[in-house]
């Protein structure tokens, strides 16, 4: 038997310079550039299209926000929540309370609602984290129900029938819709950019470690609970912003609508179709869902059955969604996240 | 109604709640699978009974002879054909698929039956009651409670004493090792799902006799089952009964204080237990 | 004597890693074969492929003349292959006796039943009502062997019986082997403890980095040959 040999080239030459770590590649440069161009184009849209189109687009923005935040929670954080509607509702009611009762400018109240949702989610997380996996999921649903049942106690916000956003009554519709649209655009850009930043930060690496192996992550000094809590709160804040946008756009809050579990159904569908655990997936999923909503939602229950069946089939047969089919080896992300070694020796790009 | 009466009612309701909870906890115990469509199975049972009643004039209690075995078969098939592919280290696929199933079933039922409130009719038995001192006790709730306890006892004995029960417990401990004993783990999963679906469908029919139901009643039943499991403590049948009873009493006492707060009262007690004693009141003891 | 187990050119992968490559071996009925090798040599992977827990990417496994390469694990048990897995893997929430009873799930006829197992391991009999999770390593190992015997196998696979146990305990466990083979069971055991393996086996098969490095009768192989094959160093 001969002595073991090391195949040539698999071990880097120690004498050479240390390898460079690069973020992103050609696709992400092009991708991010293209997205920035899209945002600029979207910004000038109010001068070019009808109010009806703008209102539709605000709905799309809401979809993108809830898809991205649910994906952050479930796809990156590993926490499947069936109760994000708690914060959508909280954000919507928060906006109405802030602008009608407290008197804050409704457009400024949007980030405020997001902050309130995030703050409320902190004590909630202490309760919710006592559960894991599927029981965590139902637990979040219970919490959403509790939010709803508590909110409808208050006649000040219309109890069971909800209330209208009065502070914008009497303003010019065209102007109001345009401002709502710009507000929505800022929110969606902030949420997407914020998520990209979070994932590409040290916290993002910690998240991936926790997702891969929580015990190993903990023994490497990662505070698993803190990482999860940050993600939980960020997602809640995002959902709160979405809820506030909803209230702003429809000028009405109804408890059974804003606290409905159907929002979760939408989030799940978008993220599953688009691709769980990627940054591009929820964006793709939101676009697909938006297109389906615009064309098929008249079919009512049958439409939801179709959505459900598609989602089930995707989970079983193509679990990485549309983006997983487009970029199966995760080498062509649209965003500059991840860390790659730029050396001549490695034949496979390492991706964090 | 006196407070004592409310407590007794809650106790009896607890038996039904325990029945709802058993299937959920069994599927989790054996397959580590939380079935988010659990409530929909109960609703399917109720609607199945409704259809048999309107089409063939069958009494709801008699319809159980058809609904229960049919639900068991549905559970076995659903597990083997759909849910088996989701069993694994990550809870994500099973949660997503069962959530999808719940949406599909809810909306299929909506399309077929509309959102009208329904009730299963057992005639005079629905409200018949007797007096015991100051208390007024309904025959039906008492019968349901007794049946629930009997079924839970039966399940507990089945798991503890029979060969198949042992195999189910062994599978929940270590599904890979059990294959090395000549056991087809997938078949065992199917059996567990069949038992789960059968018990929750039974509970669904009984619930449909006592209260109104619609295609959208599933989520609340899932939540009730879940709360009973958590309050009682994971991993044992009698814990689930205790959890059901505590939840039932919380709800009826809440309703006694303010009828509109029945469900909220249950949620609040659940959150209290979660905050103060997250492992539940009777966490897993030695094999029951 | 007929060949009970025949493995031909087996290749088993863990992802891209070839844990077992081009391994062939055969075990005659009534024999005891020891597969030895260092950690990571591929021994347990080999056993997993023989029981069906892992699917080979190439090669064949034949049991009693039939090709079982694609047969599912629980079916192989019914054919007469039984394994005592690495780390015991008893059912922790069940009692010792219940563990043994589950071991008989394949319902194969034969000499091994509760009484026979209790006769073989009196210590296990004393603890029959105890929860399996609450016992010492040696007691658990004896229970695990008993559990595997309950399926009345033609071929018993023992994966790292000595792991984590004191040598005197290991000796006691292996002392039961003659009675097992005496009742007609063929044994394939995986061991890191080479001396123990040689003490009980008729044949040895040494593995190194997924390949066969040495095979032969245990009484015809020298210690120098074994250490060369075990460590991969030229003597």
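The values are calculated or read from the model by the stated rules, or taken from the named source; none is laboratory data. Only a predicted model underlies this, so the values are computations on that prediction, with no experimental measurement involved. As a convention, Cβ positions derive from the backbone with ideal geometry for all residues, glycine included, and neighbour counts pool all protein chains shown.
For (1) within 14 Å of chain C (Cβ to nearest Cβ); (2) within 26 Å of residue B:128 (Cβ to Cβ); (3) out of contact with any strand residue (DSSP E or B) (no Cβ under 7 Å at 6 or more places or on another chain), each residue gets a yes or a no:
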residue	(1), (2), (3)
B:163	yes, no, yes
B:166	yes, no, yes
B:173	yes, no, yes
B:178	yes, no, yes
B:204	no, yes, yes
B:211	no, yes, yes
B:218	no, no, yes
B:223	no, no, yes
- Note on the structure: Subset of the range A:291-320, residues facing chain B (nearest Cβ under 8 Å), surrounded by fewer than 16 Cβ atoms within 10 Å (Cβ to Cβ) and in contact (Cβ under 8 Å) with a residue 40 or more places away in the chain, comes to none
- Query: Going by the conditions given, is residue B:183 within 14 Å of chain C (Cβ to nearest Cβ) and either outside any helix (DSSP H, G or I) or buried (at least 24 other Cβ atoms within 10 Å of the Cβ) (or both)?
  - Reply: yes
- Is there a residue being in contact with a strand residue (DSSP E or B) (Cβ under 6 Å, 6 or more places away or on another chain) and more than 11 Å from chain A (Cβ to nearest Cβ) anywhere in the range B:28-48? yes
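Specify the residue that is nearest to the other protein chains (Cβ to nearest Cβ); the eligible residues are those in the range B:272-282 that are assigned to a helix (DSSP H, G or I) and surrounded by fewer than 19 Cβ atoms within 10 Å (Cβ to Cβ).
B:275
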- residue A:150 vs. criteria out of contact with any strand residue (DSSP E or B) (no Cβ under 7 Å at 6 or more places or on another chain), within 10 Å of chain B (Cβ to nearest Cβ), part of a helix (DSSP H, G or I) and free of Cβ contacts under 8 Å to residues at least 40 places away in the same chain: yes
- Message: Please list, ordered by residue number, the strands (runs of 3 or more DSSP E) wholly in the range C:160-235 having 1 or more residues that are within 14 Å of chain A (Cβ to nearest Cβ) and surrounded by fewer than 19 Cβ atoms within 10 Å (Cβ to Cβ).
- Response: C:211-217
- Number of positions in the range A:132-145 that are free of Cβ contacts under 8 Å to residues at least 24 places away in the same chain and touching a helix residue (DSSP H, G or I) at 6+ places or on another chain (Cβ under 8 Å): 1
- Taking the condition at pLDDT 90 or above, more than 13 Å from chain B (Cβ to nearest Cβ) and either touching a helix residue (DSSP H, G or I) at 6+ places or on another chain (Cβ under 7 Å) or crowded, with 19+ Cβ neighbours inside 10 Å (or both), does residue A:288 pass? yes
- Item | Residues of the range B:235-271 satisfying the condition of being crowded, with 17+ Cβ neighbours inside 10 Å and outside any helix (DSSP H, G or I) | B:235, B:236
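Could you say whether any residue in the range B:131-152 is within 14 Å of another protein chain (Cβ to nearest Cβ), touching a residue at least 40 places away in the same chain (Cβ under 8 Å) and either part of a strand (DSSP E or B) or surrounded by 14 or more Cβ atoms within 10 Å (Cβ to Cβ) (or both)?
Scanning the range B:131-152 turns up no residue that is within 14 Å of another protein chain (Cβ to nearest Cβ), touching a residue at least 40 places away in the same chain (Cβ under 8 Å) and either part of a strand (DSSP E or B) or surrounded by 14 or more Cβ atoms within 10 Å (Cβ to Cβ) (or both).
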- Message: Restricting to the range A:183-205, give me the number of residues that are touching a helix residue (DSSP H, G or I) at 6+ places or on another chain (Cβ under 7 Å) and under 25 Å from residue A:43 (Cα atoms).
- Response: 10
- Message: Suppose we filter the range B:79-89 for residues that are surrounded by fewer than 21 Cβ atoms within 10 Å (Cβ to Cβ) and either touching a residue at least 60 places away in the same chain (Cβ under 8 Å) or out of contact with any helix residue (DSSP H, G or I) (no Cβ under 9 Å at 6 or more places or on another chain) (or both); how many remain?
- Response: 5
- Would you check if residue A:129 is in contact (Cβ under 8 Å) with a residue 60 or more places away in the chain and either within 21 Å of residue A:247 (Cα to Cα) or facing another protein chain (nearest Cβ under 9 Å) (or both)? no
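Please specify each residue of the range C:101-119 satisfying the condition of being more than 10 Å from chain B (Cβ to nearest Cβ) and within 20 Å of residue C:77 (Cβ to Cβ).
Scanning the range C:101-119 gives C:109, C:110, C:111, C:112, C:113, C:114, C:116, C:117.
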- State which residue is farthest from the other protein chains (Cβ to nearest Cβ) when the search covers only the range B:108-130 and only residues that are in a loop (DSSP other than H, G, I, E, B) and touching a strand residue (DSSP E or B) at 6+ places or on another chain (Cβ under 9 Å). B:128
- From the list B:4, B:19, B:62, which one is surrounded by fewer than 24 Cβ atoms within 10 Å (Cβ to Cβ), more than 14 Å from every other protein chain (Cβ to nearest Cβ) and either touching a residue at least 40 places away in the same chain (Cβ under 8 Å) or under 30 Å from residue B:185 (Cα atoms) (or both)? B:4
- So residue B:201 fits all but one of (1) in a loop (DSSP other than H, G, I, E, B); (2) within 16 Å of the chain's Cα centre (by Cα); what number is the exception? (1)
